[in-house]
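Q: Sharing a structure below in structure tokens format, with a few things to ask.
The values are calculated or read from the model by the stated rules, or taken from the named source; none is laboratory data. Keep in mind it's a predicted model, so treat the numbers as computed, not measured. Neighbour counts run over all protein chains shown; Cβ positions are idealised from the backbone, glycine included.
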């Protein structure tokens with residue numbers, strides 16, 4: 001957490017005191033795309049993932065609860 005969010009998290013009188021989802025654009029979740037070797041791809045992650053799905057590739061999305069695999073669907077073609 002950045003210093004500002006850490007302050008909010010630790011102050012009992014703050015509405016974000018010990019809130020699990022306490023974060024801001026500076027220290028919050030980030031969206032990025034990795035290749036099969038784990039290297040970060042430089043382009044827009046959403047556009048690239050959609051292009052991969054349209055090519056018939058499978059995209060795995062990692063969240064707090066683990067991975068979700070997304071195969072291509074008819075609607076994405």
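Q: What about residue 5, is it outside the structural domain of residue 68 (by TED's automatic domain parsing), more than 22 Å from residue 68 (Cα to Cα), touching a helix residue (DSSP H, G or I) at 6+ places or on another chain (Cβ under 7 Å) and surrounded by 12 or more Cβ atoms within 10 Å (Cβ to Cβ)?
A: No; evaluated as a whole, the condition is false for this residue.
Q: I would also like to ask the following. Pick from the range 27-48 the residues that are more than 13 Å from the chain's Cα centre (by Cα) and part of a helix (DSSP H, G or I): which of them is surrounded by the most Cβ atoms within 10 Å (Cβ to Cβ)?
A: Once the filter is applied, the top-ranked residue is 48.
Q: Of all residues in the range 49-65 being out of contact with any strand residue (DSSP E or B) (no Cβ under 9 Å at 6 or more places or on another chain) and assigned to a loop (DSSP other than H, G, I, E, B), which is nearest to residue 21 (Cα to Cα)?
A: Checked the range 49-65; the qualifying residue nearest to residue 21 (Cα to Cα) is 64.
Q: Considering only the range 49-58, state which residues are surrounded by 11 or more Cβ atoms within 10 Å (Cβ to Cβ) and more than 17 Å from residue 29 (Cβ to Cβ).
A: Answer for the range 49-58, where residues must be surrounded by 11 or more Cβ atoms within 10 Å (Cβ to Cβ) and more than 17 Å from residue 29 (Cβ to Cβ): 50, 51, 52, 53, 54, 57.
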